[in-house]
Structures are given as structure tokens and as C-alpha cells.
Amino acid sequence: MTPRRVYVLLAALAVTVFTAGTAPTTMAAKKSTGAPLSDVGLREAQYEEMRAFPGAAVPNGAFAALRTQASAIAATGGKWHEQTTQPYNAEPAGYTDPVWSNAIPAPGAGFSLVGGRVTAFAADRGTIYAGTADGGVWRLAAGSSAWQPLTDQLATLSIGALAINPADGSLWVGTGEANTNFDSLQGTGVYRMGSDGTFTQVGGNALVSRNLYQLTFDGIGGVYAATNQGLFKTDASGTGAWSVALMPDVTQSFPPYTNHMTTVVVDPNSGGQHVITVDGWRGGSGGSLAFNGIYESTDAGAHFTEVAPTGNLAQSDIGRVSMAYASDGRLYAVVESANLLISGSLSVLRGVFVSSTGTAKGPWKLIADEKTLQNSGSALSEAIGFPVGVQAWYNNVLAVNPIDPNQLYVGLEEVFQTNDGGNTWQVASPYWNFGLACNPNCPNTTHPDQHALAFMNGNLISGNDGGVYMRPTSVTGLGDWTDTNATLHSLQFYDARAGLLNGKNAFWGGMQDNGSGFLQPGAAQMIEPAGGDGFDVIVDPNNANRAVGSYTDLATYITTDGGHSFQTASPSCFGQSIYTTPRADCDNNARFWSPFASDSQNINSWIGGGEFVWITDAGFATRCTTTSCDWKPVFDLGPAAGATAVAKSGGVAWAGYINGSGNPRIGSHDVSVGLATNFGGTWHQINMTGLPKRYIAGVTIDPNNPAHVYAVFNGYNRKWQPDGGDGTVWETQNGGVSWTNMTGNLPDGLGNALVMAGSTLVVATDVGVFTATVGSTAWSRLGSNLPNVSADNIHLAPDGQTVVAGTHGRGIWTFTLGG
């Protein structure tokens, strides 16, 4: 297991950083030097940042308002068809590229079939409920082997918390994933599932636009919601309103960095009186950490007081925390260190602790730290630049066996287990099998990056970036995991395209932490030839075996044999460092998700964007070595710029970008958005007067008229963001000299991409896919039965009439225009 191997396949959230202005070095060196928190924060938040800009956060109620507006738009005829109904094989036999594949060295990473990110569990009488990052809630009924989606038409499919009401057995769903990562989306409140399977919002709109860390019933008729904007409480009957139980930063001096109540637990032996919660922002943002701490109530949540812990846990070093009570009253906690994150430490895990008194004061005893867990059989280490706890702000969960107070499981990047209250530890689920002493005969493991743990019928259930796995609690050490993901169709696509194989459509797409996937016509499984995070793709429309995928920071890779092998092809410093020493002219400012695409008229001409706009005309023969590179920089967007959208048609190219040294996450106004083009013969920046000050997520050039271009804007208009401007879809017919707002009745915000099919326009947004004719501002919802999931990108299949939508949580869907 080499540093290169680790760097390619890790989750790529907090640690995939390349600080602007530093000279390229080896991958291992980049990994070990880390990056300033400001750089880390910008990169991991870019997906959310796009939606919030130019403000610091998405205003409360904004998403719900757009969803309501979208729901009122009449639909056209026809239905969407789900393409990704097959199992997704993360380590297919015969796909053994030495850099990108999960299947080398044999038997591979060991996590087999995968789904999308799972964020929460609830289990009841043999039935498991799994909440996914942006794919809704799924149910695996007792005695069934197939997952069933329950919430496809809920206002949002971003799930943060699940809980079963012990009084009546009802399922409660807290929407809004609260992992503060690249692609966590806001929620629309808390819902309760009725006996007929329908969902009703609980407590009104008080929790709309919040993200849910945890839902906890107190056993005496109340329920707590730990959110990223405070701790709330309501009646467990579901008929009351939410009230604020605790908001440490009552004036919200540092939004959105304070009032992250990351956990809430109720002492099972206190009759609901003893409640503990934690304000656990992961770190950074000046004085915001002054509010981080442990808060305790002894009067059923009526009053909370910050408590100074004693023993091994320091009040001054509390970041994200998860807690769980044992049946005997002991209180366990896994603690991320805000100070280590700020300092740029590789691991940000402070440790696993226990309070034998069950109180917030403790004394707290350290029962495991990074070294302890590494020595328990971890596949990670400081030596490879990716240690245990490197993402403890993102992977942070624990669970105590309800019938054995000494059996504790901790979910970080891996799953760790102790059967004796923390005296000894064993790895239950290593990051992968690469480099372990048992290789090549290691037992199976789970996908990396744990987010949820639960117990049912003597089994531990683990939810992570690759779905749901189970194994008996009687097992200690490696293996015995059962993969349940064959029917969990919750893959999170950033992009998806189609090309022909044997006259039929085949599909490629890039996904969150599940690489670049390939679905061949009639195949029993979709396969993952390339691992890690996957983003934009290029597919030869006439031969889908020829494709280009991308990892973070514009690290592009080419295959001409359907993913069996890949070639280097990146203009970015990071992408080049995966294979060799970066060139002096590489792009050092590519964004976490950097755009690239093929020319709409020439599959062998490509455009990509970082700080520079890059073009290659070598197509699938494109190479980039230390002595030469087929990618050529054609325009510098600015030393602090990064492309957000690119397009090319014939000799005309466009790039949308963000530019500025300020941090848009805190509302800096020295950050701007812009468009650049070579229309007219030379590259120049477009006058943006009158256009929205929001991220440009898509640019589309009319293939029959290079002066005719559409720009699609994400974010929210000035009703919600004062500087946001108006309009989601804008059109120019003179190469950018003047623009017309074509939004009409379209929800004004959260646009992602647009395609032209003759005289038909189709636009993809976070709140649906819509269609209009060219020149019209009267939009209709396109077809029926598409889940309420973000469509992150949209393209046309080779026939020019089939729309291909890559959704961020419900896989790939298609719609045939005029069919």
C-alpha cells in the first residue's frame, strides 16, 4: 500500500488539499504538509458554497420555497426511467489498473457491492431503515433481501437523522445531512411516518433549512433534535411545535460556525431528567470556538449549563463529538480535536473517552487515541500520510451494544471494536485490505468512511460512504461482514453520460467516493473501474469503451478499453503528481470539483478549467509527461480564480469561474463570478453587468450558432441573498454583448446544467428537471416519477433525443423527448 495508492482512493474530503502558491512536490509530501484550515474549509464546502454564495449560508426557508414553486409547475407527458437498478461492483474482476482500480492486488479492497453514502439508521423488530446523504430513506423489511425507497417524493432526500419513537413505533426522519462536508445539503424539517406509509412534517417550519445531527427520544414524552443551528425539543406525539432548548451562541455571532449541536443523549437511568449535548463545530473561524463545549441539563432540558470536564478531556479542545450511554449508565464519547484541525495535524482525533459517572463533568478517562487504534490492526497510519482520525470531523460515530455495556464500536474512517470497555481494541472493518498482513487472503471489509452504527437481532449494522453492511456482534476482528447493497440504489452522481456499445446506450458517471462507474448494455452489474471520488466524465458517443474520468482537482484519466486500464491526462499539478513529478506549467488552482468536457462537434477536442482554461486536440491520445503535455493553457482566469463550468463547440469556448481572495463561506464581497470566451477570435472576460452574482454551474453553446449561448446559475436570487441578482437561465445571442433573463416561471435558483435538443431546452436543477422551447420563458416539469433529488448534470445520449440525468443520490435516469 503506497502513498500513491492511498491518495487515489481516500474519501477526498478534508485532506485532498493543495495550497495555492506552494510548489508542487511529491504526493506523499503534499499529504504530510497539510494545508491551512481556510483552504481545507473552502475545498470541502464547495458544493454547499455554490448554493450559498454570495452569502455565508443558505437562508432559512429558501430551499423549501423553491421546492414549493417547482411542485406547482405542470408536468409534460412521459416518464423517466431509472438506469442504475443493477448492483454496483466496486472491485470487478479483470479491472486491475495499478493506480485507479480497487481490484489490485487481488482480492482487492474487500468491500464488493456498494451504494451511496449512508448517514443514519433506525432499527425496529427486524426492519432496518437507512437514511442516505441525498437518496432519501430506504427500508429493508424483516425477512426481505431487497431495499425499498420510502421518501422519493419528500421535499428533500438529504437525510441527517432517523429515530424510532419507543411509545408508538413510528419512524421519525430528520432531513438535512449534518456532516459539514463537500456535498451536505440542507433539510426541510422533521417528518413522521404514519401507519399508511405517508410522511407528515413535525413541529411546523422551525427546522426548515437546518441540518440534523441526531434525533433522541427522552422516554417521558419528549424528543430532541440536535441541529447545526441549535438544540430543539418537541412533544413526542408529533403534535407540538419545536422550541429552542439550547443555542450557546444566542446572537449567532459566527454563522454558520456555531450552534452545531453534534449529539444529544439522555441518561437511561434518569427518568428523562439528565440530558447532555455538545456544541461541536469542527474548528476554525476565529472566536466561534468559544462556544464549543459540553452542556448538561438535570431538569429534562428546561435549562442547560456548560460543564468543565475533568480527567483526560479538556474543555478547550472539543470539536465534533458523538456520545452514547451504556445500559449501566457509563457515558462514552468520541471527540474530534478542533485545535488539531486548526494546526493542520494529519489526524484530528483527540480520542475515545468514558465517563464512568455518566455525567458531563466526568472524570473522563481516555480509552483510545490515534496510536491505540492504529495498533489495533488499522490499515491507516501516519507513515502513509493518512492516519486514523484524519477525517474525525466527518467520520464520527459510536454505538454501545444495548445488552453488553462493555461492547463499544467506534466509526471513524474504519470501524473499531472493544469488548471490555476500552481496555483492548480490534479493527472490525479496516479501510481496505491493501497492505494488511493477511493479504492476499484477507476477509471482506466494509466501504471506508463510517457515519452510522446500529444494532438489531444480535448484529451490528454499519453505514458508510458505500452503503450498509452487517455482521454478528459475537465476531471479533476482521471479516464476516454481509454486504446488503445489491438493491440500495442511492449512488451520488456528479455527472453521467451515454455512449454506444453494440448499438445500445452504455453509461459512465462520476460519483461521491464511488469512483467512475461503467454500465454496459444488458449487464447484470454496473462496475467501478476507477475508485475514489469521481466527477465529470467524457464518453465517445460512438464507442463507450473510450471515456475520460476525473478525480479531485482536475485529475483526469483516460481509458480506451472500457476501464481495464487508464492513461495519465491531467493539466493540474495534483493530477500530474499521481503519476510523476508535476510540470512547471501545471495548474495549481483547480477546484475540488473542476469542470471538463468534450467539444460538442468534435469528441477529440477537450476543454478543462482550473485557474487556466485548458484545451487539448489530441483526444484519447492526450498525454501529459514531464517533457511534454497535450493540454495547452489558452487563458488565465486570474491567480485566485477557479473554473466552475466549461463548454466548447467548434472553435468557440466558454468558461464560467469564481475569482477572488476572500472566503465566500463568510460572505466576503471581494469574491466575484465571471464568464470568459474566445468568441470573436480572442479570449476576453464578459461584462457581467446585469447578470446574477451567483455561481455559474453550466454553459451551453448552440451547436448551430456559436453566438447563441446559455448560462445557468446556481444559488438563490436577491429575495434570499441580497446580492444574488435574479434569474437562473440567461441567454445571449451575440456572444455575450447582451443577455436576456429566460427564467420565466422556472424556480429562480439552484440551476446546474442545460442541454439543447433542436428547439427544445432542458434544464437540470436541485428541485427538478424542466423543459421549454427555445425563445420561451414558459417552463414545464419534464415528465413524471423522477424522485425529488438534485440533478447535478444533464446531457443528451447519442440519439440526440434521450436526456441523461446524473442525480446526486438516486443514480442515473433517462427521459426520451417526444417519446
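The values are calculated or read from the model by the stated rules, or taken from the named source; none is laboratory data. Here the structure is a predicted model, which means the values were calculated and not measured. With ideal geometry, Cβ positions are generated from the backbone for all residues, glycine too; neighbour counts draw on all protein chains shown. Accessible surface is based on the protein model in full, side chains and every heavy atom, while ligands, DNA and RNA are left aside. Shrake-Rupley method; radii C 1.70, N 1.55, O 1.52, S 1.80 Å.
Using Cα-only point scatterers and the Debye equation, what is log10 of I(q)/I(0) for segment 408-447 at each q in 0.18, 0.26 Å⁻¹, rounded to two decimals?
-0.52, -0.87
Using amide H atoms built in the peptide plane, which far-off residues or other-chain residues are under 5 Å from LEU313 H to H?
TRP364
What does the convex hull of the Cα atoms come to per residue for segment 592-713, in Å³?
Working: hull volume 13.9 nm³, N = 122.
Dividing the Cα hull volume of segment 592-713 by its residues yields 114 Å³.
Based on the inverse mean of 1/r over its pairs of different Cα atoms, what is the Kirkwood hydrodynamic radius of the chain, in Å?
On the way: mean 1/r = 0.0379 Å⁻¹.
Taking the inverse mean of 1/r over all distinct Cα pairs, the chain comes out at 26.4 Å.
Round to the nearest 10 and give me the degree value, 0 to 90, for the angle of helix 62-71's Cα axis relative to the longest principal axis of the chain.
So the inclination is approximately 60 degrees.
Return the whole-Å distance between the Cα centroid of segment 171-218 and the Cα centroid of segment 81-128.
Each part reduced to its Cα centre gives a spacing of 27 Å.
Report, in whole Å, the centroid distance computed from the Cα atoms of segment 607-635 and segment 800-819.
Result: 30 Å between the Cα centres.
Can you tell me the accessible area per residue over the chain, all protein chains present, probe 1.4 angstrom, in square angstrom?
That works out to 30 Å² per residue.
What's the Kirkwood radius of segment 366-437 in Å, using all Cα pairs? Write out the running numbers ahead of the final one.
Working: mean 1/r = 0.0808 Å⁻¹.
After inverting the mean inverse Cα-Cα distance, the result is 12.4 Å.
Hey, could you get me the Stokes-Einstein D for segment 307-453, Kirkwood radius over alpha-carbon pairs, 25 °C and 0.890 mPa s, rounded to whole µm² s⁻¹?
Value of D from the Cα-based Kirkwood radius: 160 µm²/s.
For segment 131-208, list log₁₀ I(q)/I(0) at each q in 0.11, 0.23, 0.26 Å⁻¹, using the Debye formula over Cα point scatterers of equal strength and ignoring solvent, two decimals each.
These q points yield log10 I(q)/I(0) values of -0.27, -1.11, -1.32.
Once segment 66-108 is represented by equal point scatterers at the alpha-carbon sites, with solvent omitted, what log10 I(q)/I(0) does the Debye formula produce at q = 0.17, 0.31 Å⁻¹?
Debye intensities relative to I(0), on a log10 scale: -0.63, -0.99.
Å³ per residue of the Cα convex hull, for segment 492-598?
87 Å³
Based solely on its DSSP helices, what 222 nm [θ] is calculated for the chain when runs of n ≥ 4 H residues each add -39,500 (n - 2.57) and the sum is averaged over all residues, nearest 500 deg cm²/dmol? Intermediate values should be presented prior to the final figure.
Numbers: 8 runs with 55 residues, N = 819.
So the calculated ellipticity at 222 nm is -1500 deg cm²/dmol.
What whole-number volume per residue, in cubic angstrom, does the convex hull of the C-alpha atoms of segment 561-601 give?
118 Å³
What percent of all Cα-Cα pairs in segment 260-360 falls in each 10 Å bin, counting up from 0?
All Cα pairs, binned at 10 Å, distribute as 16, 50, 27, 7, 0 percent.
Given all pairs of different Cα atoms, what value in angstroms does the Kirkwood hydrodynamic radius of segment 172-234 take?
For segment 172-234, the Kirkwood estimate is 12.0 Å.
Order 474-486, 632-644 from most to least packed using the mean count of other Cβ atoms within 10 Å.
632-644, 474-486
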